[in-house]
Amino acid sequence: MKPIHTLAVGAALAAAVGQANAAEIEVLHWWTSGGEAKAANMLKQKLEAKGHTWKDFAVAGGGGDSAMTVLKSRAISGNPPAVAQIKGPLIQEWGEMGFLGNIDEVAEKENWNAFLPERLAADDKVDGHFAAVPVNIHRINWLWANTEVLEKSGIDTLPKTWDEFFADAKKIREAGFIPLAHGGQPWQDATVFEVVLMGTGGADFYRKAFVDLDPEALTSDTMVESLKTFKKLRGTMDPDIAGRDWNIATSMVISGKAAMQIMGDWAKGEFTAAGLEPGKDYLCEAAPMTEHMFSYNVDSFAMFQVDDEGQHQAQMDLASLILSKDFQATFNKAKGSIPVRMDVPLDDFDPCAKASHEAFLAAQDGGGLVPSLAHGMAVSASVQGAVFDVITNFFNDPDMSAETAAERLASAVRAAS
Ligand code: BGC
């Protein structure tokens, strides 16, 4: 006979999933750093509390490039996972190839269109039908800093312009610290470059270059100037950036080895997991010259076609819990992002999250809201890959001029479009 407590748990789980069968769904994601894993685990636990089983398919590698490569090979061999973390236009690409299912049933029942920003919800639909569920909104254009290191370097406030940034970097270096923590991986290079480009050219220029892929913008003086500033940043980093993971770079700021990092707010997930307090131990501010802008990056989980009714139900249960108000609050506090639902109160969120929410609304009204190219929100995967190649090669080649890099950018984008 089964022990009483097992029966009780079984009954509770059966009640949780209602009439449908409890099912196992495999979930591919790339949330493997300290803060990310904590947040992913919350999702797993909530799904399992509904009686389903989360089969973890974590593929390490910030930014998700490795995860996307693994997803392709699983799909080609006819065995994709039931759920995969995919973003922006790439969701459409998978949908158009016929891989994705339809979760309109839950979206309509819960009236998602009423509380999701229209522009963001559009990325999760294929031919007008929800095929994915958005989880959060990450802001890319952040500058993170260790307060003690700034203090020891004689710096009171974070730099507002790139000139101020380079002047501060000099002081930080003289005080014996690394000014800017960085990981030399193509997606991190592109993250930093995107932020420099936004600040240098403004939102309209960013859209012309990185959304419309306008050849004139790609080879313009503004592009050349952005590339020069970007390359100059290399001098503010340490010599060991090659291949370093983003969270190792964040840990250099946390431990006080480095002063600052330019990174999306998943970095805050690392500060939070390390028990640090914003405003006291670390600062978050818009990166130089991007105060009125918001480069957005929305994580979504796409639902692959499944034959099993139980699995389809599990996909919809997962989507439903992701968008529940409670989960939006607890998850986003751990992940560093803000809720994708606009009706979740932020009263007990930290000041960086509150600032992010305000910046999102202001940028939406003022025209400063732009999709992140570095994080797959702006262009197709092939164009994104072409941009990554040029940016990284330029960053690592001391002899390549900014003018040459701009020409290469335009031709690489043309070839990939
Ligand atoms: C994702 C984040 C993730 C980060 C680092 C970004 O592209 O949107 O959720 O934390 O990569 O892995």
Review point. Here are some conditions: (1) surrounded by 19 or more Cβ atoms within 10 Å (Cβ to Cβ); (2) within 24 Å of Phe294 (Cα to Cα); (3) of a type outside the set (S, T, N, Q). Ile241 meets all but one. Which one does it not meet?
Key: (2)
Review point. Counting only residues that are over 24 Å from the mean Cα position of the chain (by Cα) and without any contact (Cβ under 8 Å) to a residue 24 or more places away in the chain, how many does the stretch 100-113 have?
Key: 3
Practice item. Could you list all residues from the stretch 40-67 that are in contact with a Gly (Cβ under 9 Å, 6 or more places away or on another chain) and within 16 Å of Ala84 (Cα to Cα)? Key: Gly62, Gly63, Gly64, Asp65, Ala67
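Residues are listed down the side, and each one gets a yes or a no for (1) away from the ligand (no atom under 16 Å from the Cβ); (2) of a type in the set (A, V, I, L, M):
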{"residue": "Val211", "(1), (2)": "yes, yes"}
{"residue": "Phe230", "(1), (2)": "yes, no"}
{"residue": "Pro239", "(1), (2)": "yes, no"}
{"residue": "Asp245", "(1), (2)": "no, no"}
{"residue": "Ile248", "(1), (2)": "no, yes"}
Exercise for review: Could you give me the residue pairs with C-beta distances under 7 Å whose first residue belongs to the stretch 391-417 and is in contact (Cβ under 8 Å) with a residue 24 or more places away in the chain, whose second residue is open to solvent by 30 Å² or more (accessible area, probe 1.4 Å) and not in a helix (DSSP H, G or I) wherever it lies, and which are 6+ apart or on separate chains?
Suggested key: Ala406/Thr219; Glu407/Thr219; Ala410/Thr219; Val413/Leu213; Ser417/Leu213
Check your understanding: If you check Lys268 against the conditions, is it closer than 30 Å to Phe205 by Cα and either of a type in the set (Gly, Ala, Ser) or modelled with pLDDT of 95 or more (or both)?
Key -> yes
Check your understanding: Are there any pairs, at least 6 apart or on different chains, whose C-beta atoms fall under 9 Å, with the first in the stretch 291-309 and open to solvent by 40 Å² or more (accessible area, probe 1.4 Å) and the second modelled with pLDDT under 95, and if so, which?
Key -> Asp308/Asn21; Glu309/Ala20; Glu309/Asn21
Point to revise | Residue check, Pro159 within 16 Å of the ligand (Cβ to nearest atom) and either in the same structural domain as Pro278 (by TED's automatic domain parsing) or on the phi < 0 side of the Ramachandran plot (or both) | key: no
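Does Glu151 satisfy being of a type outside the set (A, V, I, L, M, F, W, C), outside the structural domain of Leu28 (by TED's automatic domain parsing) and away from the ligand (no atom under 16 Å from the Cβ)? Please lay out each step first, then the result.
On the way: of a type outside the set (A, V, I, L, M, F, W, C): yes; outside the structural domain of Leu28 (by TED's automatic domain parsing): yes; away from the ligand (no atom under 16 Å from the Cβ): yes.
Yes.
Take Ser220 and decide whether it is without any contact (Cβ under 8 Å) to a residue 40 or more places away in the chain and among the hydroxyl-bearing types (Ser, Thr, Tyr). Don't jump to the end; show me each part of the working.
Details: without any contact (Cβ under 8 Å) to a residue 40 or more places away in the chain: no; among the hydroxyl-bearing types (Ser, Thr, Tyr): yes.
For Ser220, the condition - without any contact (Cβ under 8 Å) to a residue 40 or more places away in the chain and among the hydroxyl-bearing types (Ser, Thr, Tyr) - is not met.
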Point to revise | Selection from the stretch 198-218 of residues that are surrounded by fewer than 18 Cβ atoms within 10 Å (Cβ to Cβ), assigned to a loop (DSSP other than H, G, I, E, B) and in contact with a helix residue (DSSP H, G or I) (Cβ under 7 Å, 6 or more places away or on another chain) | key: Asp214
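The values are calculated or read from the model by the stated rules, or taken from the named source; none is laboratory data. Fair warning: this is a prediction, and the values are worked out from it, not measured in the lab. Every residue, glycine as well, gets a Cβ built from its backbone with ideal geometry; the counts of neighbours run over all protein chains shown. Remember, those area values only see protein heavy atoms, side chains included, never the ligands or the DNA or RNA. Shrake-Rupley method; radii C 1.70, N 1.55, O 1.52, S 1.80 Å.
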